[in-house]
Amino acid sequence: MKTKELIGVRLKRLRKGRKLSQEALAEKVGISSKYVSSIERGKENPTLDVMIKLAHALRVEMEEIFAISHDESNPKKLRDSVNRLLKEADGDKLQMVVRLLRGVLH
């Protein structure tokens, strides 16, 4: 999957997670729902201004929109990513991760 498509998939997940239709998101941003659809399908190159408005409308930081991976479905690469992040975490963050994982996995 191309980067534009991955960003589109990420935007769609964020939008649906906020229970927004394409029409509602488009209205908040001031663009057409057809344009939102094209962005979500990876067919458009939105400007930085549009991306900022999308992030604001979705109540996320820009980096959350770009938090994509070409290997989201590869378990080994996911484990490697988690391990890299864990190595950087301090004690408090590690405790939080353990609590989160327990909540998710049990």
Subset of the range 48-70 (residues that are open to solvent by less than 60 Å² (accessible area, probe 1.4 Å) and free of Cβ contacts under 8 Å to residues at least 24 places away in the same chain)
VAL50, MET51, ALA55, MET62
For the range 54-103 the number of residues that are in a helix (DSSP H, G or I), of a type in the set (A, V, I, L, M, F, W, C) and either at pLDDT 85 or above or under 22 Å from LYS2 (Cβ atoms) (or both) is 14
So, in the range 1-30, of the ones that are crowded, with 17+ Cβ neighbours inside 10 Å and among the β-branched types (Val, Ile, Thr), which residue ends up nearest to MET62 (Cα to Cα)?
ILE7
Per-region count, the range 31-47, residues in contact with a Ser or Thr (Cβ under 9 Å, 6 or more places away or on another chain) and exposed (fewer than 13 other Cβ atoms within 10 Å of the Cβ)
1
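The values are calculated or read from the model by the stated rules, or taken from the named source; none is laboratory data. Since we're looking at a predicted model, the values are computed, not measured. Ideal geometry is used to build each Cβ from the backbone, glycine not excepted, and the neighbour counts take in all protein chains shown. Just so you know, the surface numbers come from the protein's heavy atoms only, side chains and all, with ligands and any DNA or RNA stripped out. Shrake-Rupley method; radii C 1.70, N 1.55, O 1.52, S 1.80 Å.
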